[in-house]
Amino acid sequence: MDETVELNFDYDFTSNTSDNISEGSGFGFEDLPEICQRAFSNNFNKIFLPTVYGIISILGIVGNGLVVLVMGYQKKVKTMTDKYRLHLSVADLLFVLTLPFWAVDAAKNWYFGGFLCVSVHMIYTINLYSSVLILAFISLDRYLAVVRATNSQATRKLLANRVIYVGVWLPAAILTIPDMVFARVQSVSSSNIYFKEENEDTADSRTICQRMYPVESNVIWTVVFRFQHILVGFILPGLVILICYCIIITKLAQGAKGQTLKKKALKTTIILIFCFFCCWLPYCVGIFLDNLVMLNVLSPSCELQQALDKWISVTEALAYFHCCLNPILYAFLGVKFKKSAKSALTASSRSSQKKHRASSPTLIHDNKEKGCFVCSVNLPDKPQSVGTA
């Protein structure tokens, strides 16, 4: 049988669908044997991605939702730190709300139509970038507060009130333009590999939602947007975070006063750096290596491509898990936030108890007749009806 194959080179660099990795490889598949082609299976993603996305969604909604709730209870956001926490939690919350769509898409099919396809892509992108850029702003704010404490208040206010919109939300919004241009719904073969006896009508097909680049320049578009993701979503904010926190660590390590507080601050700072790079570095390394394969810088092989496919799927989930850690790292570790959360939950509990008491029957002791109790039910806009027991 002639082993010439046709490939559908539709690839989404954000890796949101179960077909994401095997679709966009830009090297000569026609030279590989049929058994290698058929080995590019989506079974792993169909089980792994929905499970992990579901866990991240639940944890992210609970954690970030609690932060937003507590900030709302405070009525007025007073400090710059609180403002950054609110921005970060909103970004992470919107991000995790898109994951159930991708979970369903990876497990089975895209059922949500073209409008939601573009909308979810845009929400996904804007909050993916904004959450990482906000982390860079938080580290810059901490640097100013610790290292430039005497004369940095005006600069910190400017960053938190004005610059954050230009430096975070505006770039993140601009980066959604490719989603508006390329994101669409399309029916493709489940394997995306058609032999001469097959075509898209006879092969098993499914509906996917992803960026559809022009076939003739698919590899170029994919590589460019992946390098953009590495640069804007990891390298630039990563450098800001690393430099600022390293200077902070050096500053806190100096002097002999307040050793207990300094040790705690140093520990928290090291945890922040460690978690950021542990979550995002493996994923960025994976898509960087896959870019080199697509550009033929690395020699393509079936085994290498399969290994990269699984590596990207696993490390992508690890990177997304960072949005669940953010409430813990940037909110719950703070003593002030713990007190605010406790006050908010206590007040909410008291409010619900008052409502319950107001709508419940109450027993009133009648002093005129000892041992006599009357049951009074409070009804709005009506006199109380009293009956002797």
**Request:** Select from the range 205-220 the residues that are without any contact (Cβ under 8 Å) to a residue 24 or more places away in the chain and either of a type in the set (Ser, Thr, Tyr) or closer than 20 Å to VAL293 by Cβ (or both) and write down the one among them that is surrounded by the most Cβ atoms within 10 Å (Cβ to Cβ).
**Result:** SER205
**Item:** Some residue of the range 18-32 being touching a Cys at 6+ places or on another chain (Cβ under 7 Å) and either in the same structural domain as GLN228 (by TED's automatic domain parsing) or modelled with pLDDT under 50 (or both)
**Value:** yes
**Prompt:** Of the residues in the range 108-122, how many are outside any loop (DSSP other than H, G, I, E, B), touching a strand residue (DSSP E or B) at 6+ places or on another chain (Cβ under 7 Å) and surrounded by 15 or more Cβ atoms within 10 Å (Cβ to Cβ)?
**Reply:** 3
**Asked** Condition test on ALA136, is it assigned to a helix (DSSP H, G or I), surrounded by fewer than 24 Cβ atoms within 10 Å (Cβ to Cβ) and free of Cβ contacts under 8 Å to residues at least 12 places away in the same chain?
**Response** no
**Request:** Please find, among VAL168, VAL188, the residue that is β-branched (Val, Ile, Thr), at pLDDT 90 or above, surrounded by 18 or more Cβ atoms within 10 Å (Cβ to Cβ) and under 29 Å from the mean Cα position of the chain (by Cα).
**Result:** VAL168
**Item:** Filtered residues of the range 117-133 (kept if out of contact with any Ser or Thr (no Cβ under 7 Å at 6 or more places or on another chain), within 14 Å of ARG211 (Cα to Cα) and in contact (Cβ under 8 Å) with a residue 60 or more places away in the chain)
**Value:** CYS117, VAL118, HIS121
**Request:** Report, by residue number, each residue of the range 63-92 that is more than 21 Å from LEU140 (Cα to Cα), at pLDDT 80 or above, surrounded by fewer than 21 Cβ atoms within 10 Å (Cβ to Cβ) and not β-branched (Val, Ile, Thr).
**Result:** GLY65, LEU66, LEU69
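Would you mind finding the one in ILE134, ILE177, ILE138 that is in the same structural domain as LEU236 (by TED's automatic domain parsing) and out of contact with any Leu (no Cβ under 9 Å at 6 or more places or on another chain)?
ILE177
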**Request:** Could you look through the range 139-165, keep only residues that are among the hydroxyl-bearing types (Ser, Thr, Tyr) and part of a helix (DSSP H, G or I), and pick out the one that is surrounded by the most Cβ atoms within 10 Å (Cβ to Cβ)?
**Result:** SER139
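The values are calculated or read from the model by the stated rules, or taken from the named source; none is laboratory data. Only a predicted model underlies this, so the values are computations on that prediction, with no experimental measurement involved. Every residue, glycine among them, receives a Cβ derived from its backbone with ideal geometry; neighbour counts consider all protein chains shown.
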